[in-house]
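Report on the following structure.
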Amino acid sequence: MTNLTPIDEAISTLLNSLPAIEEIESTPLMECLGRVLAEDFTAPLDVPPHTNSAMDGYALRSEDVKFLPATLNISQRIIAGSVGTRLESGEAARIFTGAPLPEGADCVAMQENCRVKGNKVEILKTANSGENLRLMGEDITKGSIMLESGVRLTPQDLGLVASVGRSTLGTRRRLKVALITTGNELIEPGKELLPGQIYNSNYYALAPLLRQMGCDIVKSGIVADSFEKTRNTLEQIAVKVDCVITTGGVSVGEEDHVKAAVEENGYLDLWKLAIKPGKPFASGKIMGKQFFGLPGNPVSAFVTFLLLVKPCLLSMLGSKKVRVRGFSIKTNFSSCSVSERQEYLRVKLQNEETGVPFIERCQNQSSGVGSSLAIADGLAVVPPHTEVSVGDHLEYISFSELLR
Ligand code: AMP
Ligand code: MG
């Protein structure tokens, strides 16, 4: 009988057991990228705020140009940023893109269809009412909900908010996250590598992912493989944060102390997932705070962060969309999984020759090979006990989605 938890079950369990961040803070637009909106955002005005010209040309009354050729007096010149005066019958206003349509006019004839003669303009083609106009409120209507509570703010969203004149948004406060790397062998980049040591790479791959979500990162330095040191670090840091994340030391070897150290001041409720890479993954509570223990292998740590931790952190922040869905795409490789673990293969998206996209497996799928992560465009999902033949379709989840 299996004692590994399938990933979908693990995610559902996790999402149901998370504390929520309720506090809202007013955040300047330029700091809102990737943050979770905490209120429905209603348009305070119409966009455009006035009906304006979509072309460089001549604003006129369509009834004046029903019969051609029609010659009108150029009565005024309206540039973007200025306001004209009422247009009378028989008159045209020279107008530029974005300039407000003057009262009395109901369309704009594009300049390519006009011929200027002194202070008169000859209209060479009929212009219909409403032509070449951008109507007041056609983009955004005052009072409508522009952005719903729970969205993660994108550059497009911020542009939209700026377009109605707001310079701040109500977002969930930043999540405080401790990111702890464990291992006697680790040393920080920039220092000299001594025999037996390796550089701490997990911190530098995971911290940017936290930053993207607007998390405040509390760093602990590298924690040695000792029960006391691990327990003490966890105790000291847990009180300062909303969530503690560790990498390494979560397996069951003699030098793995994270599990026991967490259980000293809390508990683990999820342990051993049916996924590859990433089996030694743990989650639970430490001193009442959310805890995630990630594997030490760089690939496993990165993949479990994206698949499990990121959705949880977004959920704690009130995000409505926490899971990334892939799409079905053709493979050019075969594989046979006799494992009960769902595999996440690092793959490249290709479309050479035929132009039809397909996925190609990165050669080395070892969970210790960090370079494969940098080469890959995303992950292909191979369900447990599945044989894949060349040309079969697999679910593909792109990094551009996962890393958003
Ligand atoms: P562990 O889960 O602690 O047994 O670690 C598994 C493997 O990942 C070992 O080869 C570690 O040296 C390596 N590892 C653990 N933590 C890190 C880290 N922060 N950066 C790079 N490699 C790591
Ligand atoms: Mg270790």
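The values are calculated or read from the model by the stated rules, or taken from the named source; none is laboratory data. Computed from a prediction, not measured in an experiment: that's the story for all the values here. Reconstructed Cβ throughout: ideal geometry from the backbone, glycine too, with neighbour counts over all protein chains shown. These accessible areas exclude ligands, DNA and RNA; they are computed on the full protein's heavy atoms, side chains included. Shrake-Rupley method; radii C 1.70, N 1.55, O 1.52, S 1.80 Å.
The table for this structure:
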read-out: Convex hull of Cα atoms in the stretch 327-402, direction-averaged projection (nm²); value: 5.1
read-out: Using θ = phi - 60° and Karplus 6.51 cos²θ - 1.76 cosθ + 1.60, couplings along the stretch 274-284 (whole Hz; Gly, Pro as x); value: 7, 10, 9, x, x, 4, x, 10, 9, 9, x
read-out: Total charge dipole magnitude, the stretch 327-402, about the Cα centre, Cβ charges on Lys, Arg, Asp, Glu only, Debye to nearest 20; value: 160
read-out: Net charge of Cβ neighbours under 15 Å - reference residue 232; Lys, Arg +1; Asp, Glu -1; value: -2
read-out: Burial ranking of peptide ranges 293-305, 223-235 (average Cβ count within 10 Å, highest at the top); value: 293-305, 223-235
read-out: Peptide ranges 180-190, 268-278 listed from the most packed, as the mean C-beta count within 10 angstrom indicates; value: 268-278, 180-190
read-out: 3J(HN,Hα) from dihedral phi, the stretch 229-241, Karplus parametrisation 6.51/-1.76/1.60, rounded to Hz, x for glycine, proline; value: 4, 5, 4, 4, 4, 4, 4, 5, 7, 4, 5, 8, 10
read-out: Virtual spin-label span in nm between residue 255 and residue 228, 7 Å along Cα→Cβ; value: 2.0
read-out: Debye, to nearest 20: dipole size of the stretch 86-202, +1 on Lys, Arg Cβ, -1 on Asp, Glu Cβ; value: 280
read-out: Within the accessible area of the chain (1.4 Å probe), percent carbon and sulfur; value: 51
read-out: FRET efficiency, residue 236 to residue 193 (Cβ-Cβ, R0 25 Å, nearest 0.05); value: 0.30
read-out: Å² of accessible area per residue within the chain, as computed with a 1.4 Å probe and no ligands counted; value: 48
read-out: Loop trypsin sites (Lys or Arg not before Pro), the stretch 299-347 (other Cβ atoms within 10 Å of the site Cβ: 16 or fewer; DSSP); value: 320, 321, 323, 325
read-out: Listed peptides 62-71, 104-113, 151-160 by packing density, highest first (mean Cβ within 10 Å); value: 104-113, 151-160, 62-71
read-out: Rg(Cα)/(2.2 N^0.38 Å) for the chain, N = residue count; value: 1.39
read-out: DSSP-defined antiparallel bridges as percent of all bridges, the chain, nearest 5; value: 65
read-out: Of all DSSP beta bridges in the stretch 95-236, antiparallel share, percent nearest 5; value: 35
read-out: Full-extension gain in nm, residue 340 to residue 67, via 0.36 nm per residue minus C-alpha separation; value: 90.5 nm
read-out: Residues whose placed amide H lies under 5 Å from that of residue 116, excluding near-sequence neighbours; value: 122
read-out: Sites residue 167 and residue 97 - FRET efficiency at Förster radius 30 Å, r taken between beta-carbons, to 0.05; value: 0.70
read-out: Dipole moment magnitude, nearest 20 debye, the chain about Cα centre, only Lys, Arg, Asp, Glu C-beta charged; value: 540
read-out: Lysines whose Cα lies under 30 Å from that of residue 272, excluding same-chain neighbours fewer than 8 positions away; value: 176, 219, 229, 240, 259, 285, 289, 310, 320, 321, 348
read-out: Using distinct alpha-carbon pairs, which all enter the 1/r mean, Kirkwood radius of the stretch 52-134 in Å; value: 11.9
read-out: Mean ellipticity per residue at 222 nm, deg cm²/dmol - from DSSP H runs of n ≥ 4 across the chain, formula -39500 (n - 2.57); value: -5000 deg cm²/dmol
read-out: Using θ = phi - 60° and Karplus 6.51 cos²θ - 1.76 cosθ + 1.60, couplings along the stretch 23-35 (whole Hz; Gly, Pro as x); value: 4, 10, 10, 7, 10, x, 3, 5, 10, 8, 4, x, 7
